[in-house]
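Following: one structure in C-alpha cells, then a few remarks.
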Amino acid sequence: MKRAVPVLLFFAALVLIWHLASVSGRWSPVLLPPPRDVLDYLIDAGSDGTLASATLVTLKRLLIGYAIGIALGMPLGLLTANSRFFHDTIGAVALGLQTLPSVCWIPLALLWFGQTESAMLFVVVMGAFGSVLIATDTGARSIPPIYARVARTMGSEGLDKWTRVILPASLPFLVSGLKQGWAFAWRSLMAAEIYVTILTGFGLGHLLHYGRELSAMDQVIGVMLVIVAIGLIADKVLFSPWERFMHRRWGTGLK
Amino acid sequence: MDHYTAVAPAKLSVENVSKWFRRARAHVHALADISLIVNEGEFVALVGPSGCGKSTLLDIMAGLVTPDSGQVFADSQPVRGPGRHRLVMFQESALFPWLDVAGNVRFGLKRLPGLTAHDRMRIVDEHLELVGLERFRNAYVHELSGGMKQRVALARSLAPDPRVLLMDEPFAALDALTAEQLYADVQRIWQTRRKTIIIVTHSAREAVTLADRVVLLSPSPGRVREEFPIKLPRPRDINDPELAAIAQRITAALRRYIPSGIPA
C-alpha cells in the first residue's frame, strides 16, 4: 500500500498536467482533447460494445498468430540448436528475417492473401516466429553442458532428456523469447490493422485508423490507452507467473 | 535397512585404456595404457596433478567418454555407455535449479522400472535423511550452501542405488570445515551402503582420509605410477598426524612425477 500511494500520485499528476495543458487554450482541442473527452469516448465506446468487439477481433488474431509462431519457432529453434546444418541454414534465415521490420511483410501478405484474415495472421506469425526460434536456439545452446552429462548418467535420454532437462534448463531464455515474440506479434498486428482495411473484422488498429480519418483525437488517444492496457495485462497474465517461478527457483532478480 | 544392501557393489576393471584428444593444433595423449582393478565395495582414490587425465579416466569408467583403445568392464560386462549402475557426482553440484531438493533427488528414480510413486517418495525421504537434509526437502537449490548442495548431489547419485559411485573432485570447491563434515558423512555412508566408490582428487590428504587405496597418476600422458594401500582404522580424521604422514609420502611421490618447470 505504501508503494501504491506515490505511484497513484504520479499518474494523477500526469493527468492533471494533461488537463491543464488542454484547457490552457494554447493548443487546439482537436489536437489535444482534455482527459475528460477521452474518458467520455472510452465510456461510450465501452458501453456500446465497439471497444469490446474490436478488442476481441484483435486478440483472436493475435493469439492464433502467436500460437502458430510458437508452434513453428520452438521446434525449429530446438532443431537449429542441435544441428550445425540447420543452424547454418534455418537459423541464418530466421536471423535475417529478424532484421526485417514486420511491417515490411504487409505488402507481400496483401499480394499473396488479399485483404483477408490470412494476411493478418501471416504478418503476426512472421513477427513472432523468428524471435521465438532464436530465443529457443540461444536457450538450448546456453545450457551448462554439465546438465546434459548429469542427465546422461542418470539414464535420461531422447524425449525424456528434452522434456525434463533441456526445456526447463532453457526456461529463462524461452520466457524472454516468448515475451519478445509477443511484443513483435503485437506490433506487427497493429501495423497491419492500421494499414489494411479488411472486411472480415474490425480490430483496434482499425479504430485507431478511423480515429485519424475522422480527426477524432479522443478516439485515437482512447484506443492507444486500450492497446497499452492490453499489453500490460498480457504481460501480467502470460509472463509474470513464469518470471516469478524462475526468480523463485533460480534465485535471480530477488529484491 | 534391507533396501540399502539390495544391490551388490560391482567390480570395475580398466584394461589397457588409452585416450588421445585431437585438437586443431596438437594431439594430446591424455591416458597411456591404464590398467586398474577396483574390487567390490572398495573405495579407491585417483590422485594426480592437473592434466594427468584422472577426470578423463573417471569419465571413461562412467561410460561418458569412449577410450581409443582398451576397455572397461563392470562385473565382466564391457562398459559401452553411461548406465544407472555407475553414477557420477561432479565437482559443481550440477543440481537442477528448476527442481526443489526432493525433485533433484527424485530425478534419477523416474527412469527406474517397477517403482510406484510411493516408493519414490520413500526413497527420496530415506536419502535426504542419509545426508541430513530432511528438513530441506522443499528448498530451492539457490537457497542451499555449497556443502548442502554437494549433499543433495550425493543423495541424488545414491538414490537410484548404483553399484558404483564415481566422484569427480566433489569437495574441491568447499571450504575446509565443510569438506571435513562431508568426509565424515561419505565414510559413514560408504560403511553402511557398501558401494564401490572411486574418487578423483588432487588432494593427497583427502584421498588418504577416504580411500582404501590411493592410486597415483602422473601427467603427459596420464599413467598409473604407484599405489598406496591405506590401512588406517575408520572413521578417519583428516587432522590425524599418522594420516598426514602418509599423505606427505604421497605428495612427495607426486612431486617426482611432475615434469620440472611445469607448476602443478
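The values are calculated or read from the model by the stated rules, or taken from the named source; none is laboratory data. Note that this is a predicted model, so its numbers are computed, not measured. In this analysis, Cβ positions are derived from the backbone assuming ideal geometry, glycine residues included, and neighbour counts consider all displayed protein chains.
Quick check: is even one residue across the stretch A:140-150 more than 14 Å from chain B (Cβ to nearest Cβ) and crowded, with 18+ Cβ neighbours inside 10 Å?
Let us first name the residues in the stretch A:140-150 that are more than 14 Å from chain B (Cβ to nearest Cβ), namely A:140-141.
Now restrict to residues that are crowded, with 18+ Cβ neighbours inside 10 Å: A:140.
Yes, the stretch A:140-150 contains at least one residue that is more than 14 Å from chain B (Cβ to nearest Cβ) and crowded, with 18+ Cβ neighbours inside 10 Å.
List the pairs whose first member sits in the stretch B:126-147 and is more than 13 Å from chain A (Cβ to nearest Cβ) and within 15 Å of residue B:107 (Cα to Cα), whose second member is among the small types (Gly, Ala, Ser) and not in a helix (DSSP H, G or I), and whose Cβ atoms are under 8 Å apart, counting only residues at least 6 apart or on separate chains?
That search, which allows pairs on different chains as well, returns B:127/B:159.
Restricting to the stretch A:154-207, and then to whatever is part of a loop (DSSP other than H, G, I, E, B) and away from chain B (no Cβ under 12 Å), can you tell me which residue is modelled with the highest pLDDT?
So in the stretch A:154-207, the residues part of a loop (DSSP other than H, G, I, E, B) come out as A:154-157, A:170, A:196-203.
Remaining after also requiring away from chain B (no Cβ under 12 Å): A:196-203.
On the way: A:196: 81, A:197: 76, A:198: 73, A:199: 69, A:200: 74, A:201: 80, A:202: 87, A:203: 90.
So the residue we want is A:203.
Can you pull out every residue in the stretch B:148-163 that is within 11 Å of chain A (Cβ to nearest Cβ) and either outside any helix (DSSP H, G or I) or free of Cβ contacts under 8 Å to residues at least 40 places away in the same chain (or both)?
Hits for the stretch B:148-163 are B:159, B:160, B:162.
Conditions tested, residue by residue: (1) at pLDDT 90 or above; (2) touching a Gly at 6+ places or on another chain (Cβ under 7 Å); (3) more than 14 Å from chain A (Cβ to nearest Cβ); (4) in a helix (DSSP H, G or I).
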| residue | (1), (2), (3), (4) |
| --- | --- |
| B:88 | yes, no, no, no |
| B:97 | yes, no, no, no |
| B:115 | no, no, no, no |
| B:177 | no, no, yes, yes |
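Only one residue in B:99, B:64, B:115 is surrounded by fewer than 22 Cβ atoms within 10 Å (Cβ to Cβ), more than 22 Å from residue B:145 (Cβ to Cβ) and in the same structural domain as residue B:149 (by TED's automatic domain parsing), so which one is that? Working first, answer last.
Values: B:99 fails: more than 22 Å from residue B:145 (Cβ to Cβ); B:64 fails: in the same structural domain as residue B:149 (by TED's automatic domain parsing).
Within the list B:99, B:64, B:115, the selection yields B:115.
Which pairs have Cβ atoms under 7 Å, sit 6 or more apart or on different chains, and link a residue in the stretch B:232-248 that is on the phi < 0 side of the Ramachandran plot to one that is crowded, with 16+ Cβ neighbours inside 10 Å and of a type in the set (D, E, K, R)?
Close Cβ pairs (under 7 Å, with a partner that is crowded, with 16+ Cβ neighbours inside 10 Å and of a type in the set (D, E, K, R)) amount to B:238/B:180; B:238/B:205; B:243/B:236; B:244/B:205; B:247/B:205.
Condition check ((1) out of contact with any Asp or Glu (no Cβ under 7 Å at 6 or more places or on another chain); (2) within 15 Å of residue A:122 (Cα to Cα); (3) modelled with pLDDT under 90) across all residues:
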residue	(1), (2), (3)
A:54	yes, no, no
A:64	yes, yes, no
A:67	yes, yes, no
A:73	yes, yes, no
A:76	yes, no, no
A:81	no, no, yes
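Which of (1) in the same structural domain as residue B:216 (by TED's automatic domain parsing); (2) in contact with a helix residue (DSSP H, G or I) (Cβ under 8 Å, 6 or more places away or on another chain); (3) part of a loop (DSSP other than H, G, I, E, B) is the odd one out, the single condition residue B:93 does not satisfy?
The one condition residue B:93 does not meet is (1).
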